[in-house]
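Participant: One structure, pasted below without further comment.
A short reminder: the numbers here are calculations on the coordinates, not readings from a lab. Since this is a predicted model, take the numbers as computed values, not measurements. Cβ atoms come from the backbone with ideal geometry, glycine included; neighbour counts cover every protein chain shown.
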Amino acid sequence: MAGSSAVLEDGSALSRLDRALYRVEKVFGVISGLAVLMLMVLAVVSVAGRHFFNAPLPGYVDWIQIAMPLIAFLGISYAQRDGGHIRMDIVIGKLKGRALWVGEFITTFATFALIVLLIWGSWAHFGRSFDFGAPNWSRDSTIDIGLPIWPAKLLVPVAFGIMGIRLLLQLWGYVVAIGKGGDKPIGVPLMKSAAELAAEEAEHVSSLDR
Amino acid sequence: MSSIEIGLWVSGGLLVLVVLGMRVAFAAGAAGVVGLIWIFWEKKDYAWDELGWALGVAVKTAGQVPHSKIASQELSLIPVFILIGYMAYYAGLTNALFDAAKKWLGWLPGGMAVSTVFATAGFSAVSGASVATSAVFARIAIPEMLKIGYDKRFAAGVVAAGGTLASLIPPSAILVIYAIIVEQDVGKLLLAGFIPGVFSAVVYGGIIVGLALAMPRLGPPVGGFGWGERIKSLIPAFPIFFVVLIIISFIYNPFGDPLGTPTEGGALGAALIFVMALVKGMKWAELKDALLETAKLATMIFTIIWGVLIYVRFLGFANLPRAFSDWIQGLEQSPMMTLVLILLAYAVLGMFMDAIGMLLLTLPVVYPAVMALNGGDLVSAADSTFGMSGPMCAIWFGILVVKMAEFCLITPPIGLNCFVVAGVRPELSVQDVFRGVTPFFIADALTIAGLVAFPGIVLWLPSLA
Amino acid sequence: EEWNVSVWGKRRAFTEHVEKLAELVSEKTGGEFTMNVSYGGLSKNTENLDGISIGAFEMAQFCAGYHEDKNPTITVLELPFLGVRNLEEEVAVSHMIYEHPAVQEDLARWNAKLLMTSPMPQYNLVGTGDPRETVESFDGMRVRATGGLGEAFKAVGGVPTSVPSNEAYNAMEANVVDTVAFAQHAHLSFRTIDQADWWTANLNPGTVNCPIVVNIDAYEGLSDEHREALDSSVDESIAYYLDNYQNNVLTQWDQILDEKGVTKVEFSDEELQKFRDATQGIADQWIEEKSAQGIPAQELYDMVKAKLAEMHGM
Ligand code: NA
Ligand code: NA
């Protein structure tokens, strides 16, 4: 199954950390959405400026370049928390109990390893664009109006850093689950039963329909 | 070991990771990083003291990809058109469209499914992303179909397939991406997608009617709507025509010069629908909900894009694209046969790859080969192989390739639309959706055959502009 | 020995010297030293310097104007109205600047060594409507020109408008811009020429500078024989490039202007001088800014001007 899953909570340290991080992730998610809205406003300002004021928005393309990472990366951990990144679950969906948690641990660990490497790589990418000695600390700038690019590049290792913490919490959750066995692990995305989710979804859609 | 062999091994490894249930974006990213390490280490003849160097270069090369590929103007269309989808929902447009389609087409065998297809086609005129279209209609249309006893797999398949229309009917993010890769006129390409999109919808409708006649258990017709009711149902759907008008007049204005660039037209359409949703009384809580949903879906798509692109970067170093090109050009057969084979290759490749990733990977190689088959970039229609000028061939091939890429959105194992429908409708597994969408493979095959045999379907509209 | 070379787009006049270099080097070393030229497979064009710095590939092409902060010294070659008249002059001043220690130090930050340039002709304007033949007529003109060139038109009342190059054709058709500044091959490939009523034949406002660089470690790691093969092929590759650009692009350009009946706008010396005076501030500002960063900006600028004066026999 692709997305929706739920995360169980209790009073343990793991669960408290999970919820604390989730609050941060949600804020990042909203910022990411607001950046989309900003893209739209940017285009309207650009068109209106040109047609009505003969004053096109200078550096329209440059600003888009700066806004895109906000949209693309800030929400990565938010999506991971709820199990939102897509996958095939033909094989893993057949497993139950400890076997399932071991399987989840392995792929989550591989993801963690990738993210750690990418924190290194994207930090280096940021590092090449940043120079304390240069004006605006910039060693890489946008084409039209020369905006420094380093803040946008810095966003990537930062977002990946939070993703790394999220993955560590999930790994911890899977270790606990492997120890305890059963089907009620804390702090990791679960595939809810179809009936539970259908009820939830129906409620969501009807609230939207007004 | 040659770099092409490394490329094949790592691609096999990627498949294994995906099948084991690793999230697709990260499986692709991990395969890419491992592949890069392998390629760079191979360059140093696998000397142990060079492994650290290979790791560093590979990681830094991969680490560039997420930011550098995402920070682009072209891709900015994607979140804007996802947002437009959710906004259209709050502006009541999706429901209005679906309602109107139901009243006009519901009487047909499989009527609700036919209505869904034409409602997605209408919605495609404001949505540039197939995945978002499927997500929205999975919410609206599937519950209604289930309520009156439709087979759940069939209902899911209709929505997953219907969503693919959004990338042919303008505005379309993926057509913009094609235009950018091959450096062709964006406006004409967008325009060219219109008739094939409608054609595709008609073929889908035909397949549904045929299926419903053969197997009535799939879904009953819904009738009993009078003409008054039908006409009245058009009124709330009317704003969509206005938005279409705006977007089209930025692409092609029959009364004079276009008003701006396609990119701007799309964003302006989004803004208009946003205002409409506000007028309809959208509250901050709802806006926040829509923004969060947009962010989640956009993040999901972008994560796959950069994940796949890390893998694609590795393929670039492994030189797999060039090997592919040499192989295609070395074939001794008629150019039309080669073209058909290329399209088939896309179908196979697309089973395992994301559409955007696939186009990014292959077009730099395949496009010049196809243009060369036709007789070159600037060939006249009279001197050409396929009977069309260079620029027209670029448009024709673009529509064919995008239709193939859309086809891949519904084919297993990585059919994004099917994943999304399953994600939105938890009572459906991915396997259910894939099973339900199977009849539409036949529909798509028919559509593509039609577009290959009668290029006029694609080229008539852009030839006017 | 195989080198990976990162360029972008399609094979075109702009990349012919790289292809020629690969061919010559392979020939001279009996196929021992080859180059695998990749069009966009290895890196994004604005990040070729990053790739060189990482060591992901050994040779790459990039344009200075894409990212001024990455290569502040060579942007001297992109200043408006330097007075470059043809591709040979462009090569001469570029290669002279590439030799300067401050420039080499600038690029060494990326572990890059400048090998040769990819000379581009002056970015003359293609425009719609009545020909603009005076500096005054640039007032309020919406022009697609990036970086320093955009600044230059702004200095005489133009309105620089950002449009991606692949949307330039549409932007002209839609009157988003009145004029587009490109080199001839780009006017041809982006089809802005199809919209043209006129073309500024002698405005010569400036151009972009796109060097070919090699990774320093890779270069120094070459055997003497291979390095010799590489170094000795540069001049021949450039000659091939110039010849190809002249015979294919520029000849075709003249034919198309004739066919389409595009007006060639010739500015008088007086008008050109007015434009030059109006934009002198841009060069002054460049010198001031870069000097503050410890770059011998005045020296670089004067070198270019002196070299051009010498070539013009003044
Ligand atoms: Na669309
Ligand atoms: Na697929």
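Participant: Debye sum, Cα scatterers, the stretch B:165-238, no solvent: what log₁₀ I/I(0) at q = 0.15, 0.21, 0.26 1/Å?
Facilitator: Those come out to -0.77, -0.94, -1.04, one per q.
Participant: For A:SER138, what residues show an amide H to amide H distance below 5 Å, using hydrogens built from the backbone and excluding near sequence neighbours?
Facilitator: HN-HN under 5 Å from A:SER138: A:ASP131.
Participant: Hey, another quick one. Enter the mean projected area of the convex hull around the alpha-carbon atoms of the protein assembly as shown, in nm², rounded to one decimal.
Facilitator: So the Cα hull casts an average projection of 40.3 nm².
Participant: Inside 10 Å of the C-beta atoms of A:66-78, what's the mean count of C-beta atoms belonging to other chains?
Facilitator: Mean partner shielding for this stretch: 6.
Participant: Enumerate the lysines that B:LYS102 could reach by cross-link, defined here as Cα to Cα under 27 Å, with residues fewer than 8 away along the same chain left out.
Facilitator: Those lysines meeting the cut-off are B:LYS147, B:LYS152, B:LYS232, B:LYS280, B:LYS403.
Participant: For the stretch B:1-101, take the alpha-carbon Rg, divide it by the Kirkwood Rh, and send me Rg/Rh.
Facilitator: With Rh from the inverse mean 1/r over Cα pairs, Rg/Rh is 1.24.
Participant: Any idea what % of Cα-Cα pairs in chain C are farther than 30 Å?
Facilitator: 34 percent
Participant: A further question follows. Would you work out if chain B is rounded, prolate or oblate? Take a ≥ b ≥ c from the square roots of the eigenvalues of the alpha-carbon gyration tensor; rounded if a/c is under 1.5, else prolate when a/b is larger than b/c, oblate otherwise.
Facilitator: prolate
Participant: To the nearest Å, what is the center-to-center distance of the stretch B:374-405 and the stretch B:28-91, using C-alpha atoms only?
Facilitator: The distance from the Cα centre of the stretch B:374-405 to that of the stretch B:28-91 comes to 32 Å.
Participant: Further, regarding this structure: Give me the one-decimal nm value for the distance between modelled label points at B:VAL19 and B:ARG217, 7 Å along each residue's Cα-to-Cβ direction.
Facilitator: 3.2 nm
Participant: Which whole-number value in Å³ per residue fits the convex hull of the alpha carbons of the stretch C:1-145?
Facilitator: 147 Å³
Participant: Taking a cut-off of 25 Å, what percent of all Cα-Cα pairs in the stretch B:88-207 are separated by more than that?
Facilitator: 21 percent
Participant: In degrees between 0 and 90, to the nearest 10, how far off the longest principal axis of chain C does helix C:251-260 point, with axes built from Cα atoms?
Facilitator: On a 0 to 90 degree scale, this one is about 30.
Participant: OK, next. Are any of the pairs C:LYS10/C:LYS44; A:LYS26/B:LYS69; C:LYS264/C:LYS305; A:LYS153/B:LYS60 more than 19 Å apart by Cα-Cα distance, and if so, which?
Facilitator: Violating the 19 Å limit, Cα to Cα: A:LYS26/B:LYS69; C:LYS264/C:LYS305.
Participant: Another one. Using the alpha-carbon centroid of each, what span in Å lies between the stretch C:125-148 and the stretch B:223-239?
Facilitator: The stretch C:125-148 and the stretch B:223-239 have Cα centres spaced 52 Å from each other.
Participant: By average Cβ neighbour count within 10 Å, what is the ranking of B:190-196, B:298-304 from highest down?
Facilitator: B:298-304, B:190-196
Participant: Could you work out the relative contact order of the stretch B:74-298, using alpha carbon pairs under 8 angstrom and six or more residues apart, expressed as a whole percent?
Facilitator: For the stretch B:74-298, the relative contact order is 31 percent.
Participant: Averaged across the residues of B:416-425, what count of C-beta atoms belonging to other chains lies within 10 Å of each residue's C-beta?
Facilitator: Averaged over the peptide's residues, the number is 4.
Participant: Report, to two decimal places, the Cα Rg of the stretch A:11-196 normalised by 2.2 N^0.38 Å (N = number of residues).
Facilitator: 1.31
Participant: List the residues whose amide H sits under 5 Å from the amide H of C:ASN36, counting only those 5 or more places along or on another chain, with H placed 1.01 Å from N in the peptide plane.
Facilitator: Excluding prolines and chain starts, which carry no amide H, the hits are C:TRP3, C:ASN4, C:VAL5.
Participant: A further question on this structure: Across the residues of C:36-44, average count of Cβ atoms on other protein chains within 10 Å?
Facilitator: 6
Participant: Separate question: Using θ = phi - 60° and the Karplus form 6.51 cos²θ - 1.76 cosθ + 1.60, what ³J(HN,Hα) does each residue of the stretch A:175-188 get, whole Hz, x for Gly and Pro?
Facilitator: 4, 4, 5, 5, x, 7, x, x, 10, 10, x, 9, x, 10
Participant: Hey, another quick one. I want to check the label-to-label distance for C:GLU105 and B:MET337. Put each point 7 Å from Cα in the C-beta direction and report it in nm to one decimal.
Facilitator: Output for this residue pair reads 6.5 nm.
Participant: Rounded to the nearest 10 degrees, what's the angle between the helix B:320-329 long axis and the longest principal axis of chain B, both from Cα atoms, 0 to 90?
Facilitator: It works out to around 80 degrees.
Participant: Straight-line reach from B:LYS188: which aspartates and glutamates fall under 19 Å, measuring Cα to Cα and dropping same-chain residues less than 8 apart?
Facilitator: Reachable aspartates and glutamates: B:GLU74, B:ASP257, B:GLU264, B:ASP377, C:GLU167, C:GLU173, C:ASP194.
Participant: Using only Cα atoms, tell me the angle between helix B:284-318 and the longest principal axis of chain B; keep it within 0 to 90° and round to the nearest 10.
Facilitator: 30 degrees
Participant: Under a crude label model (7 Å from the Cα following the beta-carbon direction), how far is B:ALA372 from B:GLU183 in nanometres?
Facilitator: Computed distance between label sites B:ALA372 and B:GLU183 equals 1.7 nm.
Participant: Show me B:334-345, C:90-101 ranked by packing, highest mean number of other Cβ atoms within 10 Å first.
Facilitator: For the peptides B:334-345, C:90-101, the packing ranking is C:90-101, B:334-345.
Participant: Now for a different question. Could you work out the relative contact order of chain C, using alpha carbon pairs under 8 angstrom and six or more residues apart, expressed as a whole percent?
Facilitator: 25 percent
Participant: Same structure, new question: Could you tell me the relative contact order of chain B? Use alpha-carbon pairs under 8 Å, at least six residues apart, and round to a whole percent.
Facilitator: Contact order relative to length: 24 percent.
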